[in-house]
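Following: one structure in C-alpha cells, then a few remarks.
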Amino acid sequence: MTAKKALVTYSSKTGNTRKLAAAIYQRFSANGIEARIAPVEEAPQPQEGEVIFAGYWVDKGTADQKFLDYIAGLKGRKIGLFGTLGAYPDSEHARDCAEKLEALVRENNVCLGTFLCQGKIDPALSEMFKKFPPGHPHFMDAERIKRHEDAAKHPDAADLEAAAESCAAMLERAFEGGP
C-alpha cells in the first residue's frame, strides 16, 4: 500500500489561515500521514503522490495574490482548499468565493473540496471601512460592525477542529480515487 502523503501550504496575512494549516498538519501527522507544512512562498515542490492542501485568505472576493500565484504553478495535482474570510462562512459571498476558487483549481487539477471559516479582519481594513460614508458598499453599519466583531473571535477551537476534520475527509477521498 502506498503511503499517504500531504503537503499543507498556506498564505496568511493576520495568522488566521496559518492556524488552520497548523491544525490540519497536526491532524495528518497524528494519523500517520507523511505531512509537510510551509507558507506558499516557501512551499517545496510537491512529491509524487502527495495531496496538496492549500490555504488562502479572501481578498476582494477571491484568494490573495500569493495563493493565486502558487496555484497557477500546479498542474495535474489533487488539491484540497481551506481558507478564512471576514464574512460568515455560510454567506452567499463565502459560497461565491469557494466556487470561484474551486473552478480555478479545476482548470488544471482535481479539486477535493473547500473548507472556509471566519477569521479576524485586518484592523487596518476595519479602520478604513469606518471612514466610508453611508451608501458606500463597505460602510460600517450596525450589521457590518457586528460581523467584524464576530470575525475577531475566529478561527476558534471549533473552527480548527472542523478544518482538520474536513481536510482529513478530503484526503481519504483523494486516496480512494474520488474528488
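Annotations for the structure displayed:
- Filter pass, L85 being within 15 Å of M170 (Cβ to Cβ) and surrounded by 19 or more Cβ atoms within 10 Å (Cβ to Cβ): no
- Taking first residues from region 24-41 that are in contact (Cβ under 8 Å) with a residue 12 or more places away in the chain and of a type in the set (D, E) and partners that are assigned to a loop (DSSP other than H, G, I, E, B) and open to solvent by less than 70 Å² (accessible area, probe 1.4 Å), the Cβ contacts under 7 Å between residues at least 6 apart in sequence or on separate chains come to E34/A3; E34/K4.
- Qualifying residue in region 17-30 (condition: of a type in the set (F, W, Y), in contact with an Asp or Glu (Cβ under 6 Å, 6 or more places away or on another chain) and open to solvent by 10 Å² or more (accessible area, probe 1.4 Å)): no
- Considering only residues in region 61-85 that are in a loop (DSSP other than H, G, I, E, B) and touching a Lys or Arg at 6+ places or on another chain (Cβ under 9 Å), the one that is farthest from K4 (Cα to Cα) turns out to be G61.
- Among the residues of region 29-60, just one is part of a helix (DSSP H, G or I), touching a helix residue (DSSP H, G or I) at 6+ places or on another chain (Cβ under 7 Å) and over 18 Å from C111 (Cα atoms), namely E41.
- P133, sole failed condition from (1) open to solvent by 60 Å² or more (accessible area, probe 1.4 Å); (2) modelled with pLDDT of 95 or more; (3) touching a Phe, Trp or Tyr at 6+ places or on another chain (Cβ under 7 Å): (2)
- Residue under evaluation M140, criteria (1) open to solvent by 70 Å² or more (accessible area, probe 1.4 Å); (2) in contact with a Phe, Trp or Tyr (Cβ under 7 Å, 6 or more places away or on another chain), criterion not met: (1)
- Screening A94 on (1) at pLDDT below 95; (2) of a type outside the set (K, R); (3) closer than 30 Å to E143 by Cα shows it passes everything except condition (1).
- Condition met for A35 (surrounded by fewer than 20 Cβ atoms within 10 Å (Cβ to Cβ), over 29 Å from P137 (Cα atoms) and either over 12 Å from the mean Cα position of the chain (by Cα) or polar (S, T, N, Q) (or both)): no
The values are calculated or read from the model by the stated rules, or taken from the named source; none is laboratory data. Fair warning: this is a prediction, and the values are worked out from it, not measured in the lab. Glycine also receives a Cβ, built like all others from the backbone with ideal geometry; neighbour counts cover every protein chain displayed. Quick note on the areas: whole protein, heavy atoms, side chains included, nothing else; ligands and nucleic acids left out. Shrake-Rupley method; radii C 1.70, N 1.55, O 1.52, S 1.80 Å.
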